[in-house]
Amino acid sequence: MQPVLCVDEASGLVVESEEGEAFFDETGEPSASLQQVWAFLQKAAKSEAVLANACAQLHAAGVIEPWPITIQGADGMQQVSGLHRVNELALNTLDDAAFGPLRRAAGVGMAYAQLLSMGNLSTLGELARARAQTEAAERAKSEVRPMITLPEDNTIDWDWSKIGR
């Protein structure tokens, strides 16, 4: 399958002007910037293929299981569904015949990375709560009305006869 780079012309980011960067140079070849984007997208696609293969190998080996997560939300404890994790016991009890294909497919490294990252789940919850508190404080700050409002022309008309009495 031939990869294709598409551009959303309706985004407002694609304009015909001298400003910005051209997609193509004077000879019609992709510009250096476009070549960098293309190289990044190709690398991301290759990485995604490796990841998909590793996940398929882990699943075939029977080491993937549903991951029941309960988090503290604004409305109390909430179940998060649809997530999966590596079962460490199942991974550690694989025989050599099952472990070899996982290693060759980069599944072993990915499995251990996932197992190590599980320790950060509580930190993720703390970060989510801190973000919610910060956003609430910002909203509260934006709702504070000034004690004195100036007229629209930004002038103050003092009645000096009433000052000092």
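The values are calculated or read from the model by the stated rules, or taken from the named source; none is laboratory data. Please read these numbers as outputs of a predicted model, since none were measured by experiment. Neighbour counts are summed over all protein chains in view; Cβ atoms, including those assigned to glycine, are modelled from backbone coordinates with ideal geometry.
Take the stretch 85-117 and flag every residue that is in a strand (DSSP E or B) and among the basic types (Lys, Arg). Answer for the stretch 85-117, where residues must be in a strand (DSSP E or B) and among the basic types (Lys, Arg): just Arg85. The condition (being assigned to a loop (DSSP other than H, G, I, E, B) and either in contact with a Phe, Trp or Tyr (Cβ under 8 Å, 6 or more places away or on another chain) or within 30 Å of Gln133 (Cα to Cα) (or both)) is satisfied by just one residue among Gly82, Gly20: Gly82.
Filtering Val50, Val15 for residues that are modelled with pLDDT under 90, out of contact with any Gly (no Cβ under 6 Å at 6 or more places or on another chain) and farther than 30 Å from Ala128 by Cα leaves a single hit, Val15.
Gly82: over 30 Å from Cys6 (Cα atoms), under 26 Å from the mean Cα position of the chain (by Cα) and free of Cβ contacts under 8 Å to residues at least 12 places away in the same chain, yes or no? Judged against the criteria, Gly82 is a match.
In the stretch 26-47 there is no residue matching the filter, namely being touching a helix residue (DSSP H, G or I) at 6+ places or on another chain (Cβ under 7 Å) and assigned to a loop (DSSP other than H, G, I, E, B).
I'd like to check something: does the stretch 142-153 contain any residue that is assigned to a helix (DSSP H, G or I) and either over 29 Å from Glu48 (Cα atoms) or at pLDDT 85 or above (or both)? Within the stretch 142-153, one or more residues are assigned to a helix (DSSP H, G or I) and either over 29 Å from Glu48 (Cα atoms) or at pLDDT 85 or above (or both).
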